[in-house]
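None of the figures in this text is laboratory data; all of them are computed from the coordinates on show. Please read these numbers as outputs of a predicted model, since none were measured by experiment. With ideal geometry, Cβ positions are generated from the backbone for all residues, glycine too; neighbour counts draw on all protein chains shown.
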Amino acid sequence: MQNPKIHIVKTEILSDNWYTLHKITFNIEKKDGTTETQSREAYDRGNGAVILLYNTDSKQVILTRQFRLPTYINGNTSGMLIEACAGLLDNDNPEDCIKRETEEETGYKISKVEKIFEAYMSPGSVTEILHFFIAEYSNDMKIADGGGLEDEGENIEVLELSFEEALKMIDSGEIKDAKTIMLIQHLRIKGIL
């Protein structure tokens, strides 16, 4: 159901090079009943899914490390970011997407995933909603090296870390990715590892 206090006046495409950046002009009814016209930019990259693989026997998790340009231009001197496996839905349902991304990025073929929640990661400027999953893995599920798809420019390093080490990396600032922090803390809060 649409919000009756919001009326979209105009939508302009500012860029559609990688994803789509829109400038949207809209009228919004304020608390006092008056209407105000505002303009905002919204970056539409589609929706995504993210997963944290964990092993209850070894108390380890699977993470990835890859170059992320936005972090580099915002002060991350290496540009490398440690994060949970993730990807865009690309017209798949979230569960199929995350199974595909897990195999491409980590080399693990998983069949059972547990969806834990959905969240907007940067709702002030990005339209994406992210579907969060966890799944248990074992060594026999490893069918490839992972690393991502070369034709998509992916160059992903697969990391297998102890859960305690991952927690310490949040505290030290080595892990700064919000989705990854949320998933690691979920395992901690729920007492999964």
Electrostatic dipole magnitude of region 20-128 [Cβ: Lys, Arg +1; Asp, Glu -1; Cα centre; debye, to 20]: 280 debye
Three-way shape call for region 71-193 based on the alpha-carbon gyration tensor, with the a/c threshold at 1.5: rounded
Ascending count of other beta-carbon atoms within 10 Å, so fewest first, for PHE133, PHE67: PHE67, PHE133
Nearest 10 degrees, 0 to 90: helix 178-190 Cα axis against the chain principal axis: 60 degrees
Neighbour net charge for MET141 - beta-carbon separation under 15 angstrom, K R +1, D E -1: -4
Pairs of Lys in region 11-137 closer than 20 Å at Cα, counting only those 8 or more apart or on different chains: 5
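Which order do THR64, THR102, THR35, THR20 fall in if you start with the one that has the fewest other Cβ atoms within 10 Å?
Fewest-to-most Cβ neighbours within 10 Å comes out as THR35, THR20, THR64, THR102.
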Sequence of LYS30, LYS99 once ranked by neighbouring C-beta atoms within 10 Å, starting from the fewest: LYS30, LYS99
Part-to-part distance (alpha-carbon centres) for region 5-56 and region 82-99, which is given in Å: 21 Å
Region 65-80 and region 146-180: distance between their alpha carbon centers, rounded to Å: 13 Å
Rounded to 10°, Cα long-axis angle of helix 94-106 versus longest principal axis of the chain: 50 degrees
Virtual spin-label span in nm between ARG65 and SER39, 7 Å along Cα→Cβ: 4.4 nm
